[in-house]
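Engineer: Once you've had a glance at the structure underneath, I'll fire off some questions.
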Amino acid sequence: MKIITIPLPSLSLIHVTILSACFLILILTLAFLYKNRQSKKAETQSLNDKIHQFEQNILKELKDNQVLLIQKVYQGQIENLNNLQTSLHGNMQEIRAQLGEHLKQHSEFLTQELRQNLFQINQQVQQRLGEGLEKNAATFHDVIKRLTIIDEAQKKITDLSSNVISLQEILSDKRSRGAFGEVQLSSLINNMIPPNHYSLQHTLSNGKRADCMLFLPHPTGNIVIDAKFPLETYQQISICQNDLEKNRLAQQFRLDIKKHIKDIAEKYIIPQETADSAVMFIPSEAIFAEIHAVYPELVQFSHECRVWLVSPTTLMAVLTTARAVLKDDATRKQVHIIQEHLKLLSQDFKRFDKRMQSLTRHIQQANEDVSDVNTSARKITSRFDKIEHLEIEEAALETPVEIS
C-alpha cells in the first residue's frame, strides 16, 4: 500500500515572520524617530499619525494576507485531500485486486487440500467401516453361536430340571430311595469288581437278603454291603427354621442312623459265613459329610458295631482296595506255576550256557586255525618273493658285458 505525503504550510511560521518584520520596522522607526526627535519635534505628530496609519495598513494587510493564506491553504488541503482520495481509491482498487487474487489462489489451495483430506478421511472411514462391519459380522456370528449354545444349554437345563423333578418324586418314596441306592451301588460294583467275586441281592443263611456280597479271600472273608438312604429327615432339618423343631429332627436323624447301623450289624455279620464287619452305603455325599461333620458320635457308634459308613466316593476307594486284594490273591495262587516256569527257565539257561561255552571253544579254535593259515600264507608269499629275486639275479649274470 502506497502512502502519499502532502506538505502543508504552517500558519504559525507565517505569523511569526510577519510579526517579526513588523516589529523590526517598528523598532527602526522608533530608532529613527528617537534620533530625529530633537530636530523634528514638529513632525512627531504627523509621524505618529503616519505610523498609526502604517500600523493600521499593516494590520489590514496582515488580515487580508491571513485570509488569503487561509483560503489558499484550505484550497490546497482540499486539492490534497482529493488527490489523496484518488490515490487511496487507486491503491484500494489495486489492493482489492491483489487481495482477491491472493484469496482466489489460497481458496484454490485450501479447496485442493480439503479435497485431499476429505478423500483420505473417506478412505479411512470406509476402511474403518469395513473393518467394523467385519468385526461386527464376526461378533454377530459369535453371538449367534453363543445364543445357539445357550439355547442348547437352556434345553439341557430344562431337561435336567425335569429330571431333577422326577428324581425328587422318586426319592420322596422310601422304596424308590432304596431302589435308587441299590442301582447306584450295583453300578459302582459292576465297574470295579469282577463278576465272579460279588453277588447282588445275596441271601444269607439266616434268610436275610443283602444288597451286595463281596467274595474276598481269607483272611478278609465275605463282606456285606447294604445301601441306606436317610433322606427325609435330612431334608426336613435343612429347611427347618425353628431351633426346637430342628433339635427334635436332629435327634430323630440320630435314631434313624443308629437303627440302620444296628440292623446291618445284626443281620449281615454272621460268624463263619461273613467277615467280622459290614459296609453301610449312603448314596448321598451331602448326608455322608453331614454325619461326619455334625454327628461324630454316630461314626464312633458305627465303629463299635464294626459297620463302616461309605459314600459313593469312599466306596470307590474301598472297592479299589478289594480289587487289589483279589489281584494279590490271584497272584499268590499262581506262585507255584510261576516257580515251575522259573525252574524250567533255569534249566534252559544252563543248557544255553553249555552250548555257549562250546560255541566259544569252537570260535577260539577257528580263530587259531585262521591265524595259522594266515602265517602259512605269509611264509608262502615270502618264498615266492625270494624266488622272484633269485631269477632276476640269474638273468643279470647271464647278460654279456661289452668291452670297448
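Computed from the coordinates by the stated procedures, all read-outs in this text should not be read as laboratory data. Not measured: the values here are computed from a predicted model. Methodologically, a virtual Cβ is constructed for each residue, glycine included, from the backbone with ideal geometry; neighbour enumeration extends over all protein chains shown.
Engineer: Need the full-extension length gain, Thr111 to His52, defined as separation in residues times 0.36 nm minus the C-alpha distance. One decimal, nm.
Structural biologist: Stretched fully, the Thr111-His52 segment lengthens by 12.9 nm.
Engineer: Looking at segment 161-338, how many pairs of lysines come closer than 17 Å at the Cα, when each pair is eight or more places apart or spans two chains?
Structural biologist: Here the count comes out as 12.
Engineer: Next up: Using the 10 angstrom Cβ neighbour count as an exposure proxy, how do Tyr295, Tyr234, Tyr74 rank, fewest first?
Structural biologist: Tyr74, Tyr295, Tyr234
Engineer: Just the C-alpha atoms of segment 254-404: what Rg/Rh do they give, with Rh taken as the Kirkwood radius?
Structural biologist: 1.83
Engineer: Also, I was wondering about something else. Label point 7 Å out from Ser346 along Cα-to-Cβ: which residues of segment 307-337 have amide N under 17 Å?
Structural biologist: Output list for this probe position: 335-337.
Engineer: While we're looking at this one, here's another question. For Phe54, Phe288, Phe119, Phe253, what ranking results if the residue with the fewest other Cβ atoms within 10 Å of its Cβ goes first?
Structural biologist: Phe119, Phe54, Phe288, Phe253
Engineer: How large are Rg and Dmax for segment 161-338 when only the alpha carbon atoms are used, in Å?
Structural biologist: 17.9, 68
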